[in-house]
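Notes for the one structure printed next.
The values are calculated or read from the model by the stated rules, or taken from the named source; none is laboratory data. Keep in mind that this is a model prediction, so the values were computed, not measured. Note that each Cβ is placed from the backbone with ideal geometry, even for glycine, and that neighbours are counted across all protein chains shown.
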Amino acid sequence: MKRILACVAIVAAAAGSSPGEEGAERLQAPMRTHVRWSPELVDLFARLPVQDGGRVKPLSTFANFTLLALNGRRGCATPGGEQLTPTEWLMDCFFYTEEAVHYPCFLIQDAGVLDGLGLGHEGKQRRDRYSYADLEPAREKLFGLGAQYEGIDARRRNPVQAQVVNLARNVSQFEKLAGFLSVLGSMPDAAESRAIAAVFGAEARPGLAEILGKAGELKPWLEGTPDDPHGPGGTPGSDPLAAWARSFSMGARGIALFPPLASAPPHAAWLRVGDLVDDTLFRGAALPDQLAALADLEAMLRLRDDRAGFAARAESFRGRVVAAAGQRGEYAKIPLEAAFYRANLFTWAQAAYAIGFVLAAFAWFRTGKALPRLSLGSVIVATLLLAIGITLRCVIRGRPPVTTLYESVLFATGISVVVSLAAEFLHRQGIALALATVLGAAGLLLADRYELQEGVDTMPSLVAVLDTNFWLASHVTTVTIGYGAGLLAGAIGHVTILGRLFGLKRHDEGFYKSLASMTYGVLCFGLLFSVVGTVLGGIWANESWGRFWGWDPKENGALAIVLWKLIVLHALYGGYIREQGLAISSVFCAVVVAASWWGVNLLGVGLHSYGFTSGILLALFGYFAVEALVIVAGVAWGVANQPVDDRPSPAA
Amino acid sequence: MRKILLRTWETLASTGLALVILSFLLLLTILGTLEQMRTSLYEVQRRYFESLFVVHDFSGIPLPLPGVSLLLVLLAINLVLGGVVRIRKDSTTWGVIVCHAGILILLAGSGIEYLWSQKGRLTLSEGEEGAEFTSDREWEIAIAEAKDSGPVTELVIPGWQFMELRDGRTARFTSPDIPFELEVRRVFANCEPGPAPGGGGVDGMTLLERPPGKDSGKDVAGAFVAVRPKSGGGPIEGLLWGMEQAPMSAVVDGRRWTIGLFHRRWQLPFSIRLEDFRQQFHPGTGMAKSFESDVILTRDGAAQRVKISMNQPLRESGYTLYQSGFGQPASRGGRWISTFSVVKNPADGVPLWSCIVIAAGLLLHFSQKLIRHMRSQRAAAWRSA
């Protein structure tokens, strides 16, 4: 009970403060009291390699997505209003736990969750942020309810139950991080442990690295020997050190900061502090480099208020970890990934698309070539940033551009913008250019929102079936190009419908013919990629699962896009629809794309389980509702403005 | 008559019919996808995608619709008549014709696969060898004379001949090689044995019907049967159940016969021995990174070591073996087992070729359109200048 409270006292003790009363007082003092971390130190920690989710990544990436999951944003405010980056927040969790527990970093969407837990929320908004200290009194109840609701199928949980499950996971994750270094001050000393007194001396208070460094001498005290099965301490395992080591190795393990030996297999797991205890004390492993790094970590905790001393040991720690990771070939891309996230390329690209849109909008009302050219320049810069970002992700992952839903948004956005620019090159109406800005900004906004909502690493390890760059590069990429083209066709359809509705270029039929021509071209382009991508998907399924087509929801979604595009093009060819019908059909094409791309992932059935998602149902239905209105408006305009030749004669 | 034929031809070759077919295909694709939330994929495939007609339950209102099989046949006819034969043939339509031909190749491949492919599983423990694979869903009744030694000849009744027996319908099977007729009376697609109420049934046991499971591969079929000796005498009643450890036994004219209900089995022209199974996780997680099996393939006395893994199947003699499952069941002494999907599909390579043809056709057609469009724009620009 009150695990973090105990941990706070321990961390304070390890840092040189006395535990107990003082620790409790510090708990009640929510202000951030320590000196802000220097940018150099933050940068050093940001580029530290850690292993999480099956891959080695920079600590900044780990901090970023962990905080995103907890807080719903990429930052955290202290009670004093100071804004912390994710890496700063994580450093505070490690080294100033007693303060970090007061940071309001748990986003609760609905205060009803707190009512259910018996916690008050006076003075807070319905959707607000809380600290660990706020939630701690209901910790046991939260975990109990969380476990209970975990037993309910995720699709059947009500919103409060879903949030309780989420909150319990987040609190548990926070405890792992904030209690991560608790072990470094919690070992028994010589006064408590006869084993430590015998090996280190009667007055000794050794650190964990020192204890683990003498694992060979301590082992008989913990387990006995063949000659003396009861061990020097009497009953094996009766020494407090043995009890501590066992409880710790089974309990809090923190994060995997220590690379394994260079001789370990390529896919060996990195070590946590608990693993070091396990491997050295109980398995007899010799891990000198890891223990030296552990000694640095202990020293950092001790020297947390002596920043020069702290920085020296942090540099030493980083040097050891980087060297060990480098020997295993697991460090090369860490600086690049840290730099990639720091550069925020997609945010800049989004801003450039927005500027491009403003310029394009002004260009509609003013003659001259300057504004369109500036707008075009802005779009080109944005698209280059997007392309660089996608390329960097490919380099970091060693994968083709699309392996996750998040990446499919980035790629489809890029495709729709590039095809828009090609259409602008062909038609030079300014419309496709404006659409490129809208689609670029909207696509990147969607990617950003999705990342915020999911709060998980967007460069995850891939399940076995996806571990093939050939099929990811061929099938997934072509299908995503089909998505992008379908959305662009829908966007042009919107311009036609809304333009006619609001009288845009009312007497310029050439303008609408040009739009129809664009729509047709984009649909043809999209059909080519949708058909090829869908058939390639079947061939991949045949290679992986032994059947070409299984009527799985994801396969059906891709087929639906192909069928709708075929219907539209044949209807146009057969004269069943004209310009307005093409526009309406294109808007519906975008609906089919959205349903196939996102909707089928909500069904939670089929073999494509790696793509399942949740929490977007409302947004998706909202989108469908808006599109339904646009389609109805388009149909109404079409009926009201039917060409005279097509109207039934009174005699008929 | 000629007028009727002409009109039929016109209709079958029309773009309008193509639109109707494509629209129904889209509708059924959507309905069949949503239906998978309620029922098993196998059941949905059977009802929506492999049928001539389907009655969709639209919020309690039965909605009769054409099945996808019927629609695909109509689409093939429409494509041949309208998209290949009747279509105007000049330089502007070659791409479309090529594309239609590609779709026809794809449809033909699907038809061949549907009619003539064999699909099943082969599960082996490490050290075990096998040369037979079994279907997940198809069943068969096997009749054999019980002998202490020597080769045994099995008479096999394929599932399609008895699995649809419902509502009191029965069927009798026999052969000159056996001294009896086997009457199959009632068949359940999913059932389990249990005590018969009131002490009836066969030796106090009966089959209790169960609703189809969400994963129909786990459904276990069962049937009530009777052995009727050709030499006369009363029938010998029996129960067949797919998971029964020992088959039903009957003595007719002094000879003992076994009758069992099994998943449909096929013989491979080679044998597979599982040497080693390996599973690798992403470090520090429970997520599988890869799983693979080392097997010894033996054919005509020649052995060869092969690795089968996800995305890297083994192709041999027209059969393809895919890594599809694994486990360490206690029933096999905690040894690793590896499950391979086994497929024999005469049209295995057809999708790839059809994809190339379709892509070539679309590329040709759309390129021509684009070039024409650019030329007309340039001409317009000249005129306006």
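Which of (1) over 29 Å from the mean Cα position of the chain (by Cα); (2) closer than 30 Å to B:Ile308 by Cα; (3) among the aromatic types (Phe, Trp, Tyr) is the odd one out, the single condition A:Trp540 does not satisfy?
The one condition A:Trp540 does not meet is (1).
Please determine, by comparing only the residues of the range B:67-99 that are farther than 30 Å from B:Ile371 by Cβ and of a type outside the set (A, V, I, L, M, F, W, C), which one is surrounded by the most Cβ atoms within 10 Å (Cβ to Cβ).
So the residue we want is B:Gly67.
Which residues, counting only those in the range A:43-81, are in contact with a helix residue (DSSP H, G or I) (Cβ under 9 Å, 6 or more places away or on another chain), farther than 23 Å from A:Val171 by Cβ and surrounded by fewer than 18 Cβ atoms within 10 Å (Cβ to Cβ)?
A:Asp43
Out of the range B:84-117, which residues are within 10 Å of another protein chain (Cβ to nearest Cβ) and in contact with a Lys or Arg (Cβ under 8 Å, 6 or more places away or on another chain)?
Answer for the range B:84-117, where residues must be within 10 Å of another protein chain (Cβ to nearest Cβ) and in contact with a Lys or Arg (Cβ under 8 Å, 6 or more places away or on another chain): just B:Ser117.
Among the candidates A:Gly490, A:Gly557, A:Gly486, A:Gly499, single out the residue that is in a helix (DSSP H, G or I) and facing chain B (nearest Cβ under 10 Å).
Only one candidate qualifies: A:Gly557.
With a cut-off of at least 3 residues that are surrounded by fewer than 16 Cβ atoms within 10 Å (Cβ to Cβ), name the strands (runs of 3 or more DSSP E) lying wholly within the range B:210-294.
So the answer is B:255-281.
So, A:Ala198, is that one free of Cβ contacts under 8 Å to residues at least 40 places away in the same chain and outside the structural domain of A:Glu88 (by TED's automatic domain parsing) or not?
yes
If I go through the range A:560-585 residue by residue, how many of them are within 9 Å of chain B (Cβ to nearest Cβ) and assigned to a helix (DSSP H, G or I)?
Adding up the residues that qualify gives 8.
Can you pull out the helices (runs of 4 or more DSSP H) entirely within the range A:57-113 that have at least 3 residues that are within 17 Å of A:Trp37 (Cβ to Cβ) and not charged (D, E, K, R)?
A:59-71, A:86-95
From the residues in the range A:521-541 that are of a type in the set (Gly, Ala, Ser) and closer than 18 Å to A:Val402 by Cα, which one is nearest to the other protein chains (Cβ to nearest Cβ)?
Out of the qualifying residues, it is A:Gly538.
Kindly state which strands (runs of 3 or more DSSP E) lie completely within the range B:296-385 and contain at least 2 residues that are crowded, with 20+ Cβ neighbours inside 10 Å and within 10 Å of chain A (Cβ to nearest Cβ).
B:319-327, B:337-344
Please determine whether any residue of the range B:233-241 is farther than 22 Å from B:Glu140 by Cβ and touching a Phe, Trp or Tyr at 6+ places or on another chain (Cβ under 8 Å).
no
Please enumerate the residues belonging to the range A:568-598 that are at pLDDT below 95, under 31 Å from the mean Cα position of the chain (by Cα) and of a type in the set (Phe, Trp, Tyr).
Matches in the range A:568-598: A:Trp597, A:Trp598.
Of the residues B:Arg86, B:Arg46, only one is outside the structural domain of B:Phe224 (by TED's automatic domain parsing) and under 28 Å from B:Leu239 (Cα atoms); which?
Step by step, each of B:Arg86, B:Arg46 is checked, and only B:Arg46 is outside the structural domain of B:Phe224 (by TED's automatic domain parsing) and under 28 Å from B:Leu239 (Cα atoms).
From the list A:Val465, A:Val476, A:Val418, pick out the single residue that is among the aliphatic types (A, V, I, L, M), closer than 30 Å to B:Arg278 by Cβ and surrounded by fewer than 22 Cβ atoms within 10 Å (Cβ to Cβ).
Exactly one of A:Val465, A:Val476, A:Val418 is among the aliphatic types (A, V, I, L, M), closer than 30 Å to B:Arg278 by Cβ and surrounded by fewer than 22 Cβ atoms within 10 Å (Cβ to Cβ), namely A:Val465.
Any idea which residue in the range B:113-151 is surrounded by the most Cβ atoms within 10 Å (Cβ to Cβ), counting only those that are acidic (Asp, Glu) and closer than 22 Å to B:Val225 by Cβ?
Among residues in the range B:113-151 that are acidic (Asp, Glu) and closer than 22 Å to B:Val225 by Cβ, the one surrounded by the most Cβ atoms within 10 Å (Cβ to Cβ) is B:Glu140.
If only one of A:Gly550, A:Gly521, A:Gly526, A:Gly510 is under 20 Å from A:Thr496 (Cα atoms) and surrounded by fewer than 21 Cβ atoms within 10 Å (Cβ to Cβ), which one is it?
One residue alone meets the criteria, A:Gly510.
State yes or no: is B:Phe291 more than 14 Å from chain A (Cβ to nearest Cβ) and either modelled with pLDDT under 95 or under 23 Å from the mean Cα position of the chain (by Cα) (or both)?
When the stated conditions are applied, B:Phe291 does not pass them.
If a residue has to be under 25 Å from B:Asn311 (Cβ atoms) and either acidic (Asp, Glu) or part of a helix (DSSP H, G or I) (or both) to count, how many in the range A:435-467 make the cut?
Adding up the residues that qualify gives 5.
Within the set of pairs 6+ apart or on separate chains, which have a first residue in the range B:28-53 that is part of a loop (DSSP other than H, G, I, E, B), a second that is hydroxyl-bearing (Ser, Thr, Tyr), and C-beta atoms under 7 Å apart?
Listed by first residue and then by second, the contacts come to B:Ser40/B:Ser216; B:Glu50/B:Ser69; B:Ser51/B:Ser69; B:Leu52/B:Ser69.
Select from the range B:152-179 the residues that are in contact (Cβ under 8 Å) with a residue 60 or more places away in the chain and in contact with an Asp or Glu (Cβ under 6 Å, 6 or more places away or on another chain) and write down the one among them that is surrounded by the most Cβ atoms within 10 Å (Cβ to Cβ).
Selected residue: B:Gly159.
Which of the strands (runs of 3 or more DSSP E) found entirely inside the range B:75-185 contain at least 1 residues meeting this: farther than 23 Å from B:Trp266 by Cα?
Here the list reads B:171-173.
So, in the range A:467-483, how many residues would count as being closer than 26 Å to A:Gly526 by Cα and facing another protein chain (nearest Cβ under 9 Å)?
Number of matching residues: 3.
Return yes or no: is A:Leu107 away from chain B (no Cβ under 14 Å), in contact with a Cys (Cβ under 6 Å, 6 or more places away or on another chain) and not aromatic (Phe, Trp, Tyr)?
No; evaluated as a whole, the condition is false for this residue.
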